[in-house]
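J.: What follows is a structure written as structure tokens; I'll ask about it next.
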Amino acid sequence: MNLAIRDIRYHRGRFILTSIGLGLLLGVVISMGGIYRGLIDDALAVLNVTKADIWVVQQDTNGPFAESSRIPEDIKYRIKGVPGVADAAPLSFQTIQIEREGRPFRFFLIGYDLNGFGGPPAILAGRNIRQKHYEMVVAKAMKMALGEKIHLGLHDYTVVGITGKVVSSSGDPAAYVSLADAQDIQFKKDNDAIRNDRERVGANISRIQTLSQAQTKFLQKNITDITESTHIVNAVVARLAPGASLHEVQERIARWNHFRAISDAEQAKILTKGMIEKARMQLGLFRIILLVISAVIISLIIYTSTLDKIKVIATLKLIGAQNQVIVGMILQQSMLMGVIAYTIGYILISLTYEKFPRRIVLEPFDLQMLFVIVMVICMISSFVGIRKALKVEPAEALGG
Amino acid sequence: MYAIEIERLTKIYGKGETAVTAISDATFRIKPGELVAILGPSGSGKTTLLTAIGLINEPTHGKVLIDGTTVVDEGWRPGLDLKQFRREKLGFIFQAHNLIPFLTAQENVMIAMEINHLTSSEAKTRATALLKSLNLDHRLNSYPMALSGGEAQRVAIARALANNPKVILADEPTAALDTENGKNVMSLLKTLAVENHSAILVVTHDHRMVEGFDRVFHVSDGKITGEERP
Ligand SMILES: Nc1ncnc2c1ncn2[C@@H]1O[C@H](COP(=O)(O)OP(=O)(O)OP(=O)(O)O)[C@@H](O)[C@H]1O
Ligand SMILES: [Mg+2]
């Protein structure tokens, strides 16, 4: 006969309520672990869809995600020419926040070369971008319909395709436009600003009295061409030819001095270690606190339920029950409470995790680990009750 | 052979100035099948005597033999497994029935057998038979809360009988019952003593309850002051 189960069955109301409470706590612990995994997943999402071996970024920066990086678009040709490089493509990244239907609407805009790689992964609905201008592919999470228009910079963009799960390292859903459009959106000023700039340049040049009218015109055109150039990207990504040495190619690119060649693995490290380390520690701390709270609750529950059973324990001892019978009853109760609470927490999160604003990724390893930890906590928490029970004297069974 | 033999049994609680001599120099012998009462006022040392015999509290001086085995000789006999001895040789009945609230009547009897290494199915068969013999067939699956005082005490008696003990020790088993139920319990004990050939030692302060007992020891202030055969 299992005393732990009999006791629980008899006091099932109390037991179930406690387990639900603990289950909610453990649910939060599970979701926090899932949020952390989600952070990593989100952080690496762009890397994973881009599938580049090398990220060429501005010298001395950890760009383009952790720091800003600006490099000229045309170095893509030089990088393509590096021995060991199979392909290279320019990419531009920017976070955009606009008002949409009266609410802030945030997303991560990726500009890519329509003939290169780094564009959207599988298209779920609609099609890929075909025209050089004013077409857009958005992630499903942006909740935009095909054909919908959105105003960015100076123009309207039409959603032509929906792609799957791509997010920025901070969890904003991604949208794709052609590189030229992205540069436009990022750098093109409105006409007033351009006119002002041109007039300022014109005024400055006209002060140089030795210039002829033709020379003035020529100079002005050249200067505005350079200053208005939008042929800037945030990174050029490269894929290695089969058999090429990553390290050697990195070395070759780095030797130009003006650029840094970051391997995909290094980029992943920058994104995870650097950018979400604090979030990880924060979540870890919360998880520990919640587990400690759970341990305290379990201890208290087990301790008070042991106090309730002093007479039962004394009677059992008096009629000759071995200590293991009594220890077993308390320990099993504690473990059972842990199992049920864990199950409740797990079911709760399994049913709801897709509705969380941040992505939650439930890894089997994390779940198993947490289960083991919960079991250890239950064991340790039952010690106070067990200690109390072992101190009970059989004589306490006597009297009224 | 005697079921219970005590010789010059003394129990002193505490030390020095605060020492209380709860039992001093008690000597008696009880044969198997005998129903014996210890009668005395509150504080006279009845419970102390019973628990000393029951291997629950350790006597300060003297000897105790149960079923021919010396269990106390100037303190508990070294190396004796008190719990094992209790569950094999002794049955206990309490003032409050002390049934386990979360076990049914049947399970309350079974647990006493299971801790004495009977299998669950053996225990179930035996517990059922025992409860039936005490007219509790209809109460097998009732929880103690749902039992009347008399029923609960009979379940407790069944539990005391679970392992066929040589000696049954009962501390005020009728204190929580009305006179009629109390008398029923006592006459049940009388029957059991005869049928099971076990010695039953009952502590009470109520002289009306000792009707039909084989012997009655009077205690007062820790001393046995007289013996009576009603
Ligand atoms: N654990 C203890 N520590 C100290 N003194 C005790 C202890 N137990 C009992 N005593 C004392 O020993 C004496 C006898 O107590 P005991 O409980 O044996 O009396 P009793 O005859 O059973 O009384 P009652 O009818 O009230 O149950 C009392 O004076 C009591 O105060
Ligand atoms: Mg007493």
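The values are calculated or read from the model by the stated rules, or taken from the named source; none is laboratory data. Computed from a predicted model, the values in this text were never measured in an experiment. Here the Cβ is made from the backbone with ideal geometry for all residues, glycine too, and neighbour counts use every protein chain on show. Calculation scope for accessible area: heavy atoms of the full protein, side chains included, ligands and nucleic acids excluded. Shrake-Rupley method; radii C 1.70, N 1.55, O 1.52, S 1.80 Å.
J.: Would you please give the residues with an amide H less than 5 Å from that of B:Ser220, counting only those at least 5 places away or on a separate chain, with H modeled from the backbone geometry?
T.: It is B:Thr225, by chain and number.
J.: While we're on this one: To the nearest 500 deg cm²/dmol, what mean residue ellipticity at 222 nm is calculated for the protein assembly as shown from DSSP H runs of n ≥ 4 alone, each contributing -39,500 (n - 2.57), summed and divided by the residues?
T.: -14500 deg cm²/dmol, from helical runs alone.
J.: Using only protein heavy atoms and a 1.4 angstrom probe, determine the accessible area buried between B and A, summed over both sides, in Å² to the nearest 100.
T.: Summing both sides, the interface buries roughly 2400 Å².
J.: What average count of beta carbons from other chains do you get within 10 Å of the Cβ of residues in B:95-104?
T.: 6
J.: Follow-up. Whole angstrom only: what separates the Cα centroid of the stretch B:117-149 from the Cα centroid of the stretch A:328-381?
T.: What the calculation gives is 39 Å, centre to centre.
J.: Further, regarding this structure: Sequence neighbours fewer than 8 away in the same chain don't count; with that in mind, list the lysines whose C-alpha is under 21 Å from B:Lys183.
T.: Within the straight-line cut-off, B:Lys183 pairs with B:Lys46, B:Lys132.
J.: Give the aspartates and glutamates reachable from A:Lys309 as a straight Cα distance under 14 Å; neighbours fewer than 8 places away on the same chain don't count.
T.: A:Asp7, A:Glu393, A:Glu396
J.: How high is the relative contact order of chain A, given as a whole-number percent (alpha carbon pairs under 8 Å, six or more residues apart)?
T.: Relative CO of chain A lands at 29 percent.
J.: At a Förster radius of 56 Å, what calculated FRET efficiency corresponds to the Cβ-Cβ distance of A:Asn204 and A:Glu354, to the nearest 0.05?
T.: 0.45
J.: Per residue of the stretch B:22-36, what does 6.51 cos²θ - 1.76 cosθ + 1.60 with θ = phi - 60° give for ³J(HN,Hα)? Whole Hz please, x for Gly and Pro, Karplus curve as stated.
T.: Once θ is set to phi - 60°, the couplings for the stretch B:22-36 become 7, 9, 10, 6, 7, 9, 6, 9, 10, 8, x, x, 8, 10, 10 Hz.
J.: Now a separate question. Going down the table (B:Lys63/B:Lys223; A:Lys149/A:Lys188; A:Lys317/B:Lys89; A:Lys51/A:Lys143; A:Lys132/A:Lys165), which pairs top 18 Å between alpha carbons?
T.: In this structure, A:Lys149/A:Lys188; A:Lys51/A:Lys143; A:Lys132/A:Lys165 lie more than 18 Å apart at Cα.
J.: If ligands, DNA and RNA are left out, what is the accessible area of B:Glu228 with a 1.4 Å probe, given in Å² to the nearest 10?
T.: Accessible area, nearest 10 Å²: 80 Å².
J.: Can you work out the FRET efficiency for the pair A:Gln215 and A:Leu367, with r the C-beta to C-beta distance and R0 = 60 Å, to the nearest 0.05?
T.: Efficiency for this residue pair is about 0.20.
J.: Also: What FRET efficiency, computed as 1/(1 + (r/R0)^6) with R0 = 60 Å and r the Cβ-Cβ distance, is obtained for A:Ala268 and B:Glu228, rounded to the nearest 0.05?
T.: 0.05
J.: For the stretch A:20-47 and the stretch B:50-92, what is the separation of their C-alpha centers, rounded to whole Å?
T.: Taking the Cα centre of each part, the stretch A:20-47 and the stretch B:50-92 sit 60 Å apart.
J.: Right, another one. So how far apart, in nm, are the two label points at B:His138 and B:Gln84 if each is 7 Å from Cα heading toward Cβ?
T.: Result: 4.4 nm between the two label points.
J.: Quick one: if you stick a label point 7 Å off each Cα along the C-beta vector at B:Thr125 and A:Lys391, how many nm between them?
T.: 4.4
J.: Per residue, how much accessible surface does the stretch A:228-324 expose to a 1.4 Å probe? Answer in Å², no decimals.
T.: Ligands and nucleic acids excluded, the figure is 50 Å² per residue.
J.: Starting from the Cα of A:Lys269, draw a straight line to each of the aspartates and glutamates and keep only those under 16 Å, dropping any in the same chain fewer than 8 residues away.
T.: Output for A:Lys269: A:Asp41, A:Asp42, A:Asp53, A:Glu67, A:Glu277.
J.: Normalised radius of gyration for the protein assembly as shown, please: alpha carbon Rg relative to 2.2 N^0.38 Å, two decimal places.
T.: 1.70
J.: Where the centroid of each part is defined by its Cα atoms, how far is the stretch A:133-158 from the stretch A:267-307 in Å?
T.: So the two Cα centres are separated by 41 Å.
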